[in-house]
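The block underneath contains the structure these notes are about, expressed in structure tokens.
The values are calculated or read from the model by the stated rules, or taken from the named source; none is laboratory data. In this text, all values refer to a predicted model and were calculated from it rather than measured experimentally. Cβ coordinates were reconstructed from backbone atoms using ideal geometry, including for glycine residues, and neighbour counts include every protein chain displayed. Side chains included, ligands, DNA and RNA excluded: accessible areas come from the protein's heavy atoms. Shrake-Rupley method; radii C 1.70, N 1.55, O 1.52, S 1.80 Å.
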Amino acid sequence: MAVVLADGRGAPADMVLEVVQYGHPVLRQKGARIEQITPEIQRLVGDMLETMYEYEGVGLAAQQVGHALQLTVVDVRAATDRPSTLEINGQPAALEQHMPMVLINPVVTPLGAPETGPEGCLSFPEIYGDITRPGSVEVEAINHEGQPLKFRCSGLLARAIQHEVDHLNGILFIDRMDWKTRENLQAELEQLRAATQAALARKKK
Ligand code: ZN
């Protein structure tokens, strides 16, 4: 996404950022509210979109690129085998016209009955698990232009937004796995956490 700065210059090219992995403390930090959409925030939004597409994710939270902020980006268009619905002002809306979504200070209200489905996370490479969440939600947020957003959604979009908004509050999908799934992944999770922490310790030296 090209973001143009207030002084009229085109923004520098969006960059692919490093995605932090499980074991990095920023993933457990609650994001600060964004009170002003500065050029730095717009730049971060552009870089986060670039990063999400580079790694073929359907969503990315600011914590995953090292910033504890209430900011996430989502784009479910590529996941054609997992449908979503979107409703704005009580009317069905065309998904493609509202992607990617940039959600700043999002508030999610659960609506539908719980549904179970598979999830992965760019901060947990090769780790997947079934997670049960409300099947549809109402979302209120502002976008990167400061415009208020309010919509209802279901399917993959509802799942992705709930996963990302959890990140903004320091909650990870492994926290929502049932004990059996979590137990089966325990060794892999421990290995990932140890590797991340060892890499962080090396960086500090
Ligand atoms: Zn995630």
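Here are some notes:
- When the range 45-78 is filtered for residues that are open to solvent by less than 20 Å² (accessible area, probe 1.4 Å) and part of a loop (DSSP other than H, G, I, E, B), the ones remaining, listed by number, are GLY57, GLN70, ASP75, VAL76.
- The one condition in (1) open to solvent by less than 30 Å² (accessible area, probe 1.4 Å); (2) out of contact with any Lys or Arg (no Cβ under 6 Å at 6 or more places or on another chain); (3) not in a strand (DSSP E or B) that ARG82 fails to fulfil: (1)
- Filtering the range 2-37 to residues that are at pLDDT below 95 and buried (at least 18 other Cβ atoms within 10 Å of the Cβ) leaves VAL3, ASP14.
- Only one of PRO100, PRO110, PRO92 that is of a type outside the set (Phe, Trp, Tyr) and surrounded by 15 or more Cβ atoms within 10 Å (Cβ to Cβ): PRO100
- GLY170 vs. criteria touching a residue at least 40 places away in the same chain (Cβ under 8 Å), assigned to a loop (DSSP other than H, G, I, E, B) and surrounded by 16 or more Cβ atoms within 10 Å (Cβ to Cβ): yes
- Residue among PRO125, PRO118, PRO106 that is within 16 Å of the ligand (Cβ to nearest atom), touching a residue at least 40 places away in the same chain (Cβ under 8 Å) and touching a strand residue (DSSP E or B) at 6+ places or on another chain (Cβ under 6 Å): PRO106
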